[in-house]
Amino acid sequence: MRTILRISLCVAGLTALSNLASAQSKSLTNTSQSPYSKLSSVDMGNVQWTKGFWAERFKACRDSMIPHMWSVYTDNKSGHAIQNFEVAAGLDTGSHVGPPFQDGDFYKLLEAMTAMYAVNKDKKLDAELDKTIAIIAKAQRADGYIHTPTLIDERKNPAKAKAFEDRLNFETYNLGHLMTAACIHYRVTGKKNFLNIAIKATDYLYRFYKAASPELARNAICPSHYMGVVEMYRTTHDPKYLELAKNLIDIRGLMKDGTDDNQDRVPFRQQTAAMGHAVRANYLYAGAADVYAETGDTTLTHTLNLVWNDVVNRKMYITGGCGALYDGVSPDGTSYLLKDVQQIHQAYGRDYQLPNFTSHNETCASVGNVLWNWRMLQLTGDAKYADVMELTLYNGMLSGISLSGTKYLYTNPLSVSDDMPFQQRWSKDRVGYIGYSNCCPPNVIRTIAELNNYVYSLSDKGIYINLYGGNVISTKLKNGNNIKLTQETDYPWNGAIKITLDQTPVEAFSMFLRIPGWSEGAKLTVNGKPAQISLIAGQYAEINSKWKAGDVIELNLPMPVNMVEANPLVEEVRNQIAVKRGPIVYCIESAGIPKDKNVFNLSLSSKVNLTPQNIVIDNANITALTGKAELQNANWKNHLYRNVSTKDLGTVNVQLIPYFAWGNRGHVEMETWIPFNR
């Protein structure tokens, strides 16, 4: 029976590969034929930024981010990424340089370059990709295995180097990013040179999981390959890839030495809360959502829904950041048995454990949060996932890169003070290369390069508008009819959004406009007349009509300045507030107050009038908030406690800037949660 099954899988796979080019979606995540996904993506290149916030970030990505990261990864002394492939291929001599996951991070950059090419059709990018892919192909072993640290070791000592020997080698993480980048490259260019490498690698992984011991088969961390394997199935329609994806979920948590840090101490379907390394967790949840989209296995969404509620309601920062702890233990204080207590790092902590100065919030965890919520949005069409995605994009993710696009943060604290009496592992100032852990920069870069693909989704009923920003889209509805739209807005600085239908089909279809969960008093007009529909915050507003070219939809989202407080169980921010306007979280940094004042000796009154002000920081247009802050006693030297003073020390002019923009005016101190005077 097994022989028959293998033969049928092989025949099905060959048939799928022979039909590879037929009816192939060119979308970023291809759910066009996923039976359990409500929404699908438009093709890459269908959406072009025109002006405004994301157009500026996309330009910075094209002109600064990608060129800078390419120079890093092709530099023999710093990144050494392409050199590792050359050495592995026998084109050069030397040793592996960099972390074991550097291959995967280099694949992310190639993915970003492909996404950029989808928009600008830059022939130089295309040629550089082809040249690099050829080197990667030469490095790949005949059996499909590719991981430069092991391949280089094999050349030096063939008997010593073994595949998947050490879970900290990140082999499956690297393979996952290879698969994803190769699928996207094939969809954008139509070329199979990169995809052929990924097919060989995925086939190798399939055979490995068939033959490996249970312990070795579970020897994987940071599971980008869950998403990658499903995307390979969607691209090739080879059923053994879906079989592999399901198996990866099934075996998780069955090993006797599993850890909470790696989310494999407990079987996935029995998990009820987010725990452990936040990047690994969010990648896992995104991958499980992909598997559900193809299988309809409701035991997966049962876990995903429980964990999502746990993250959003108890463990996520106001910026969308995830992973509060540099280091911790799990379970923490809930067991008398030391054997139950495990070390965790870069991790989700306890419920409501959200420190500010010591918050970890790895940038990759924010990217993972976007990937997870994007997939949940595709499955359900529920706007709550788009809300979290938007929050994270503008705040927790974007803070990981400088406005210039050439400096990066690994961690994203919510407060920074020079008086902290200890040094943490990661710099609080952005740097051009993070060295041993440069995984975050190419992750942010590929996200920005691909963000135009998150703006719209398609359903059987019409088109969803998930995000707002100046753009034009020319695409096809699910029924094949052409549609062209122009979106004009200064969002997120202004809530006025104008959508012009430039080309429409004859048949009626629905436009779904997201009403953000933060909004109150939204107004919607069609051709100047109020739309007779309910506008509910946190939901999509559906307008069904027989549209015609020239029709105009105008959505107005009021953007008052809001003061936000946290659940009192978040003890680190009791009696403090955060400032939000629209989707943007604000902070105070020392560059925005008089030089003789201290960020941590300011408070805001409930009566403060914060006024929007357009400013420029490092050539980026942003909206700041200006007002008066109340002064507090600044003398804390040699004091752990002191009596409360009732003396009025006056006020000082203060400028709040978006959290993502902090630290772009030199070294600063910064605070997001601010003491509050009611």
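The values are calculated or read from the model by the stated rules, or taken from the named source; none is laboratory data. Just so we're clear, the structure is a prediction, and the values are computed from it rather than from any experiment. Here Cβ is always computed from backbone atoms with ideal geometry, including for glycine, and neighbour counts include all displayed protein chains. What goes into the accessible areas is simple: the full protein's heavy atoms, side chains included, and nothing from ligands, DNA or RNA. Shrake-Rupley method; radii C 1.70, N 1.55, O 1.52, S 1.80 Å.
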From the C-alpha gyration tensor of the chain, pull out the three semi-axes of the equivalent ellipsoid (sqrt of 5λ each), sorted largest to smallest, in whole Å. 39, 32, 24
What aspartates and glutamates could a cross-link reach from Lys548, if we take a straight Cα to Cα line under 12 Å and drop same-chain neighbours fewer than 8 places away? Asp502, Glu507
So, by mean Cβ neighbours within 10 angstrom, what's the order for 646-655, 283-292 with the highest one leading? 283-292, 646-655
Note: Asp143 to Lys637 extended length (0.36 nm per residue) minus current alpha-carbon separation gives 171.4 nm
In Å², and per residue, what accessible area does the chain have when probed at 1.4 Å with the other protein chains present? 40
Relative packing of peptides 454-460, 255-261, 440-446 - highest average C-beta neighbours within 10 Å first: 440-446, 454-460, 255-261
Candidate lysines - alpha carbon under 20 Å from Lys637, same-chain residues fewer than 8 apart omitted: Lys595, Lys597, Lys647
Reachable lysines from Lys256, criterion Cα separation under 25 angstrom, eight or more residues apart if same chain: Lys162, Lys210, Lys246, Lys339
Apportionment of accessible area to carbon and sulfur, the chain, percent (1.4 Å): 50
I want to check the label-to-label distance for Tyr436 and Asn527. Put each point 7 Å from Cα in the C-beta direction and report it in nm to one decimal. 6.5
Once phi is turned into ³J(HN,Hα) by the Karplus curve 6.51 cos²θ - 1.76 cosθ + 1.60 with θ = phi - 60°, what whole-Hz value does each residue of region 89-98 show in order, with x for glycine and proline? 7, x, 7, 8, 10, x, 10, 6, 10, x
If packing is taken as the average count of other Cβ atoms within 10 Å, what order do 412-425, 293-306 fall into, highest mean first? 293-306, 412-425
In whole angstrom, note down how far apart the Cα centers of region 398-450 and region 165-237 are. 28
Which is farthest toward the positive dipole end of the chain among Ser459, Asn562, Gly258, measuring Cα position about the Cα centre, with Cβ charges +1 (Lys, Arg) and -1 (Asp, Glu)? Ser459
Dipole of the chain, positive direction: furthest Cα of Gly45, Asn443, Gly381, with charges on the beta-carbon: Gly45
Where in region 552-586 are there trypsin sites (Lys or Arg not before Pro) that are in a DSSP coil and have at most 16 other Cβ atoms within 10 angstrom of their Cβ? Arg574
For the pair Asp351 and Thr50, the simple spin-label estimate (label points 7 Å beyond Cα toward Cβ) gives in nm 4.8
Find which of Asn313, Ser224, Met275 sits farthest along the positive direction of the dipole of region 190-331, computed with +1 on the beta-carbon of Lys and Arg, -1 on that of Asp and Glu, about the Cα centre. Ser224
What size of dipole, in debye to the nearest 20, comes out for the chain about its Cα centre when the only charges are +1 on Lys and Arg C-beta atoms and -1 on Asp and Glu C-beta atoms? 760
Per-residue ellipticity at 222 nm for the chain, helices alone: DSSP H runs ≥ 4 residues times -39500 (n - 2.57), over residue total, nearest 500 deg cm²/dmol? -10500 deg cm²/dmol
Tell me, what HN-Hα J-couplings in whole Hz come from the Karplus equation 6.51 cos²θ - 1.76 cosθ + 1.60 at θ = phi - 60° for each residue of region 456-470, using x for Gly and Pro? 10, 9, 10, 9, 4, 8, x, 10, 9, 10, 8, 10, 10, x, x
Too long for a 21 Å Cα-Cα cut-off, among Lys59/Lys478; Lys192/Lys476; Lys123/Lys191; Lys498/Lys529; Lys428/Lys628; Lys461/Lys484, are Lys59/Lys478; Lys192/Lys476; Lys428/Lys628
Relative to the present Cα-Cα distance, how much length would full extension add between Asn196 and Asp130 at 0.36 nm per residue of separation? 22.5 nm
